[in-house]
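This report concerns only the one structure given below.
Throughout, read-outs are computed from the coordinates displayed, never taken from laboratory work. Bear in mind that the values here come from a model prediction, so they are computed numbers and not experimental data. Please note: Cβ atoms are built from the backbone with ideal geometry, for glycine as well, and neighbour counts cover all protein chains shown.
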Amino acid sequence: MFRKIFKSIGILVPVLLLLFYFTVVVCFLNRWDSVVPFTLIPFWLWTAIGAALSLLSWILFRHQISIIIFIVWLVTGIAFSYETRGMFREMAFALSPEKPSSLADREPDVFRIISVHCRDGDADAALETVPYDPDIIFLQRSPLLSELTEIGTKIYGVDAAIIRTHTNAIIARGEFLTTQTSEDKKAQHARLRLTKGQIIDLTNIELPRSLPTFKLWDTARWEPLILNRVENRKRMRKYLEGYNTSLELPPRIVGGDFGTSPGDNIFRPLKRSAFSDGYNTVGSDWGNTYPASTPFFRHTQFWLSNGIQPVRVRTVRSKHSDQKIVICDFKITVPSE
């Protein structure tokens with residue numbers, strides 16, 4: 001009797017594991033608002049859970065389907081997890097006979113933009129950007145204007161351009177031609193003329209953060225996550241309102257703290273407007289930024305329009321921020337005016 005029950009369980013468990021696999025994959029492929037509590041959990045973590053259960057099933061029941069599901073989980077996890085792209089590039093650099101360039105190595109036509117979350121106006125977090133010699137700095141929860149002026153002068157001297165609106169700020173080498181703050185005060189837009197004459201549009205944002213709950217059985221926790229996703233998607237559409245790739249507009253960078261990881265539905269407006277995720281294209285490390293000590297989520301990102309070619313995206317540790325600092329090197333591929 002016991003053997004029959006054990007054998008039946010041995011058949012049922014792989015079926016349930018397969019159902020679990022397809023459920024997770026379908027949720028991540030479609031990313032409906034109703035399943036956001038599940039898709040906020042990183043796919044690599046779902047992969048680890050699914051692979052571990054499959055391996056345990058094989059150890060207990062020795063059913064070949066369990067091993068097949070285990071392999072499928074691993075393959076899918078590598079393909080779906082955005083972190084693997086950067087890690088594979090990092091491995092390629094490590095195996096290459098050529099020494100990878102350091103952050104200090106930069107060609108004359110390469111510009112650098114950095115994003116820092118200053119954690120309630122900590123000026124020391126903003127000062128951490130100085131050694132990297134950036135051309136543009138995005139700050140969220142920025143220090144006071146008086147502190148920004150001191151920082152800008154320290155980095156750029158007389159070429160410093162500074163804007164601060166609500167809690168966001170941009171410091172750059174050049175001249176701001178126009179500036180605007182979004183109605184919800186979550187984003188600031190600026191048109192910048194760099195010292196070499198190129199003109200680019202900038203959008204520095206900080207959206208309300210969405211962190212997963214691991215108490216998925218508590219449906220009361222679902223509604224705030226779903227509503228936050230819906231509101232953030234509306235905000236993103238509003239920020240891109242009037243942006244048309246067919247118009248002769250300056251190239252544009254949208255960056256800062258998006259409050260959620262790539263793949264989320266809020267990034268679809270950016271993709272439809274032909275923006276590309278800088279890390280996805282040229283990132284070469286783990287890439288995740290939050291929390292700074294053990295980064296599981298990539299909240300700080302840079303999205304680049306046509307006319308801007310990403311060269312390198314890296315993250316570096318911060319002693320004064322709750323997120324890692326993101327550094328993006330890029331070239332402007334449209335002629336300057």
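List of remarks:
- Relative contact order computed over the stretch 2-81 (Cα-Cα under 8 Å; 6+ residues apart), in percent: 37 percent
- Ranking of K186, K319, K238 by count of other Cβ atoms within 10 Å, fewest first: K319, K238, K186
- Long-range Cα-Cα pairs in the stretch 2-81 (distance over 18 Å), rounded percent: 42 percent
- GluC sites (Glu not before Pro) lying in DSSP loop within the stretch 44-152, provided at most 11 other Cβ fall within 10 Å: E98
- Dipole size of the stretch 180-337 about its Cα centre, with +1 on Lys/Arg Cβ and -1 on Asp/Glu Cβ: approximately 140 debye, rounded to the nearest 20.
- Simple label model, 7 Å out from Cα along Cβ direction - L74 to K238, nm: 4.8 nm
- Dipole size of the chain about its Cα centre, with +1 on Lys/Arg Cβ and -1 on Asp/Glu Cβ: approximately 1340 debye, rounded to the nearest 20.
- Extension gain (nm, one decimal) between D133 and R119, 0.36 nm per residue minus Cα-Cα: 2.9 nm
- The label point for E150 and the one for R209, both projected 7 Å from the Cα toward the Cβ, are 2.6 nm apart.
- Among V130, V36, V26, the largest mean-square fluctuation in a Gaussian network model of the chain (Cα springs under 10 Å) belongs to V26.
- Nitroxide proxy distance, nm - points 7 Å out along Cα→Cβ at A274 and R221: 4.2 nm
- Taking the chain as a Gaussian network of alpha-carbon nodes connected by springs under 10 Å, the highest mean-square fluctuation of the residues V25, V13, V254 belongs to V13.
- Computed from the Cβ-Cβ distance with R0 of 51 Å, the FRET efficiency linking R62 to V110 stands at 0.35.
- Pairs of Cα atoms nearer than 8 Å and 6+ residues apart set the relative contact order; for the chain it is 17 percent.
- Helical runs (DSSP H, four residues minimum) scored at -39500 (n - 2.57) apiece and divided by the length of the chain put the mean residue ellipticity at 222 nm at -12000 deg cm²/dmol.
- Note on the chain: with a GNM built from Cα contacts shorter than 10 Å, the maximum mean-square fluctuation among A187, A52, A161 falls on A52.
- Over all other residues within a Cβ to Cβ distance under 12 Å of A160, the charged ones net out to -2, with Lys and Arg as +1 and Asp and Glu as -1.
- Centre-to-centre separation between the Cα atoms of the stretch 316-337 and those of the stretch 166-210: 14 Å.
- Value of Rg/Rh across the chain [Cα atoms, Kirkwood radius]: 1.04
- Charges were assigned to the Cβ only: +1 to each Lys and Arg, -1 to each Asp and Glu. The resulting dipole of the stretch 41-186 about its Cα centre is roughly 680 debye.
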